[in-house]
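Each reported figure results from applying straightforward, stated rules to the coordinates on display, with no laboratory input. Here the structure is a predicted model, which means the values were calculated and not measured. A quick note on method: Cβ atoms are made from the backbone with ideal geometry, for glycine too, and the neighbour counts reach across all protein chains shown.
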Amino acid sequence: MKKTSILIITSLLFCAITLAQTSDKKRPIDQKDYPGWKVIGSTQISNDGQWISYEVNPQKGDGMLFVYDIESQRYDSIPRGYKAKFSGGSKFLVCKIKPEEDTVIKAKLAKKKKDELPKDSLGVYVMEKNHLTKIARVKSFKLGQEGKDWLAWLMEKPLPEKDTTDKSDTTIVKEKKPKKKKKGDGTELVIKKVIEDKSWSFKDVTGYNVSKNGELFSFIRQMKDSIDSTFVYNFSTKKQIDELIFEQEGVAKKPGIDDEGTVNDCFSARPRQLKQNQKTHCPMTKKYMWTSGTGKTPYFSHSKRNSLKKKKSETIWQYIILLTTDWFNLPIRIYPM
């Protein structure tokens, strides 16, 4: 009887050891495992060190943006969120939100035009309220890196309006079609003080920028008509008003601002220059610069050394060329800051 019991116990121990050894053997990885892998990246930390954000993205499909509160150890998530940034005052987080991948694939299979495809949205997450606001069809956003809770975003072009006229009527009346106005490349720009929920909007904007301290936004409005015109504006977050600082025929691009929001610039070209540039494939090289509070006439320079990173005095006096007559003697109006 004892021999039988010992034999049974020995057999059970042998089976247990065999099973343990079998379970320790790892299965080799194959191609079926790859779709399940996820990548953690794009980590951000707020200026006050209390909040962390990061993305978790699968190899294929929709990802997730996580926001983690270090103090309370609480997580929150934003489906399909990416390119997140915390505000300078650590009050809110801004991110782009991708459309669902299946929706994009269906739209492409339906051969929809590029402007009609699903576009990114903007997500504004206020941490204190644990509240997420979504704005549809947003092209880009910018905010100052230091200490200000201001935000700006540029909208995508609106979807074309559907024709709602009743085509069942067989009576055909020919009407003179009104002349179509030229459609510009600009869209709506929104500048918002997020915590106080105050916002300002501007139409026909083609480019914009913000100073590092978040106190000044600069943007370009492009008006298409019989004569194309460009306008450069500054928006002061202290005064909370916009100010026209430059106007001329042609186009302007790449508005720039120094870190303190005291010097800004842009590249501009008149219609005749644009035609020459198209023939020679040369970029616009006429650079206008302004300094706030001086009332100086804007000047231009071809020098690559003329950078906004230089000191204000060095930028103004060392490389200045006062604009007394334009290259082609066309009228120009200057609005001192």
Check PHE246: other-chain or 5+ apart residues with amide H under 5 Å from its amide H, H built from backbone geometry?
VAL232, TYR335
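Report, in listed order, any pair from LYS114/LYS254; LYS91/LYS224; LYS112/LYS193; LYS192/LYS224; LYS26/LYS60 with a Cα-Cα distance greater than 29 Å.
Details: LYS114/LYS254 24 Å; LYS91/LYS224 39 Å; LYS112/LYS193 36 Å; LYS192/LYS224 27 Å; LYS26/LYS60 25 Å.
Over 29 Å apart, Cα to Cα: LYS91/LYS224; LYS112/LYS193.
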Take each of the peptides 60-68, 98-106, average the number of other beta-carbon atoms within 10 Å over its residues, and list them starting from the highest.
60-68, 98-106
Taking amide hydrogens as modeled 1.01 Å from N in the peptide plane, which residues meet the under 5 Å criterion relative to GLY63, leaving out close sequence neighbours?
ARG80
Summing +1 for each Lys or Arg and -1 for each Asp or Glu, what net charge is found among the other residues whose Cβ lies under 12 Å from the Cβ of LYS85?
+3
How do 113-124, 216-227 rank on mean C-beta neighbours within 10 Å, highest first?
216-227, 113-124
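Just to confirm a number: summing +1 for Lys and Arg and -1 for Asp and Glu over residues other than ASP48 whose beta-carbon lies under 15 angstrom from that of ASP48, what do you get? Display every interim value, and only then the final one.
Working: positive: LYS85, LYS91, LYS148; negative: ASP69, GLU71, GLU128, GLU146, ASP149.
Here the count lands on -2.
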Taking the mean number of other Cβ atoms within 10 Å as a proxy for protection, how do you rank 47-58, 125-136, 27-38 from highest to lowest?
47-58, 125-136, 27-38
